[in-house]
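Below is one structure; the comments refer to it alone.
Nothing in this text is a laboratory measurement; each read-out follows from the coordinates by a stated rule. Model, not experiment: these values are computed from the prediction. When we count neighbours, we look across all protein chains shown, and the Cβ atoms used for this are built from the backbone with ideal geometry, even at glycine.
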Amino acid sequence: MTDWKTIYEDAKHWIYEAGERIRESLQQELTVDTKSNRNDLVTNVDRETEQYFIERIKEKYPSHVILGEEGFGDEVKSTDGIIWIIDPIDGTVNFVHQQTFFCISIAVYEDGVGKVGLVYDVMHDELFEARKGEGAYVDGKRLNVLRPVNLEDSILSINATWLTPNKRIDHERLVPLVKVARGFRSYGSAALELAYVACGRLDAYMTMRLSSWDFAAGWVLLEEVGGVLTTVEGEPVQLLGQTSVFAAERTTHEAIQRDYILPTK
Ligand code: 2AM
Ligand code: CA
């Protein structure tokens, strides 16, 4: 039988250690390259951190599959079995430009079901963690189940990209939502923004293009506090491939879908 407690403890130990290495790496000069476009950055630290996790996971759990953003893991075509989903640095643009507001995101799924989710804010030394059925925690303190919120009292997170003309959504659909909310934030790290929804700092997070390593750990956190994560259209999210993501407490999620997203279809 799978020993989830040990997997969880190993993941936690490795994430803290990797965070320490990232903080130390800031003393040295970064090598920054671009990937799909000039704003899609990757550094030597993203690569080295992913390799750090892969070495340890492969040594201790040779039968587990690894899906990592930087491609050092396995080629994953199915969600069968135990899969580690790793984003070594989520928020690389922040890492390069600001040296803060980035995190390590580690999730472990079994047959497509999230079992472990860890989001570590490296510079604030803040760890969000959850095990399926065991609740979600920040720095060891249990997070409360989320409560519904009036949209007028809410803080929403949407990247400004989606509020300008773009090929994924009619941006005008989102304007009424931004106008009705009390405030609107964009942190530039999807995993951290999902963790912030899970702990109530944000009331909803919406984006049009994520990969599983950006949301897999945040999804486990959210499920433990009564949060819901779907596509923007309210459909189930697929773990493999790119997807839009809309996350909020269950009733808030329903209200935004009903009053703002679906009527304008
Ligand atoms: P990253 O820093 O790991 O690339 C920025 O709004 C958020 O979206 C970050 O979490 C960022 O992850 C993610 N992101 C940026 N570009 C992306 C892309 N082309 N596909 C998927 N996720 C992306
Ligand atoms: Ca990344």
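Here are a few things to note about the model shown:
- Matching residues in region 105-143 - criterion: being without any contact (Cβ under 8 Å) to a residue 12 or more places away in the chain and among the charged types (D, E, K, R): Lys141, Arg142
- Once region 121-133 is narrowed to residues that are part of a loop (DSSP other than H, G, I, E, B) and in contact with a strand residue (DSSP E or B) (Cβ under 8 Å, 6 or more places away or on another chain), the residue that is farthest from Ile104 (Cα to Cα) is Lys132.
- Count of region 136-171 residues which are within 19 Å of Ile15 (Cα to Cα), under 17 Å from the mean Cα position of the chain (by Cα) and small (Gly, Ala, Ser): 1
- Residues in region 33-53 that are basic (Lys, Arg) and more than 13 Å from Arg21 (Cα to Cα) were compared, and the one that is surrounded by the most Cβ atoms within 10 Å (Cβ to Cβ) is Lys35.
- Hits in region 91-105 (condition: of a type in the set (A, V, I, L, M) and more than 11 Å from Val32 (Cα to Cα)): Ile104
- Scope region 221-236; condition closer than 18 Å to Lys132 by Cα and not in a strand (DSSP E or B); matching residues: Leu221, Leu222, Glu223, Glu224, Val225, Gly226
Residue-wise test of (1) crowded, with 19+ Cβ neighbours inside 10 Å; (2) away from ligand 2 (no atom under 16 Å from the Cβ); (3) polar (S, T, N, Q); (4) closer than 22 Å to Lys58 by Cβ.
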{"site": "Gly73", "(1), (2), (3), (4)": "yes, no, no, yes"}
{"site": "His97", "(1), (2), (3), (4)": "no, no, no, no"}
{"site": "Cys103", "(1), (2), (3), (4)": "yes, no, no, no"}
{"site": "Lys115", "(1), (2), (3), (4)": "yes, yes, no, yes"}
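- Members of region 237-265 that are in a loop (DSSP other than H, G, I, E, B) and either surrounded by 23 or more Cβ atoms within 10 Å (Cβ to Cβ) or within 16 Å of the chain's Cα centre (by Cα) (or both): Val237, Gln238, Leu239, Leu240, Gly241, Gln242
- Condition met for Arg47 (farther than 20 Å from Asp3 by Cα and either free of Cβ contacts under 8 Å to residues at least 24 places away in the same chain or in contact with an Asp or Glu (Cβ under 6 Å, 6 or more places away or on another chain) (or both)): yes
- Looking across Ala107, Ala136, Ala130, one residue alone is within 15 Å of ligand 1 (Cβ to nearest atom), within 29 Å of Gly200 (Cα to Cα) and buried (at least 17 other Cβ atoms within 10 Å of the Cβ). It is Ala107.
- Within the option set Leu210, Leu192, Leu222, Leu202, being under 19 Å from Ala255 (Cα atoms), within 14 Å of ligand 1 (Cβ to nearest atom) and not basic (Lys, Arg) holds for one residue only, Leu202.
- Residue that is farthest from Phe128 (Cα to Cα), among those in region 201-220 that are part of a helix (DSSP H, G or I) and within 13 Å of ligand 2 (Cβ to nearest atom): Ser212
- Region 75-92, residues that are within 15 Å of Trp14 (Cβ to Cβ) and within 7 Å of ligand 2 (Cβ to nearest atom): Asp87, Pro88, Ile89
- Scanning region 79-114 for residues that are of a type in the set (Val, Ile, Thr) and part of a strand (DSSP E or B) yields Ile82, Ile83, Ile85, Ile86, Ile89, Ile104, Ile106, Val108, Val113.
- Residues of region 19-32 classified as in contact with a strand residue (DSSP E or B) (Cβ under 6 Å, 6 or more places away or on another chain) and surrounded by 19 or more Cβ atoms within 10 Å (Cβ to Cβ), total: 1
- Filter result (among the β-branched types (Val, Ile, Thr) and part of a strand (DSSP E or B)) within region 134-170: Val138, Ile155, Ile158
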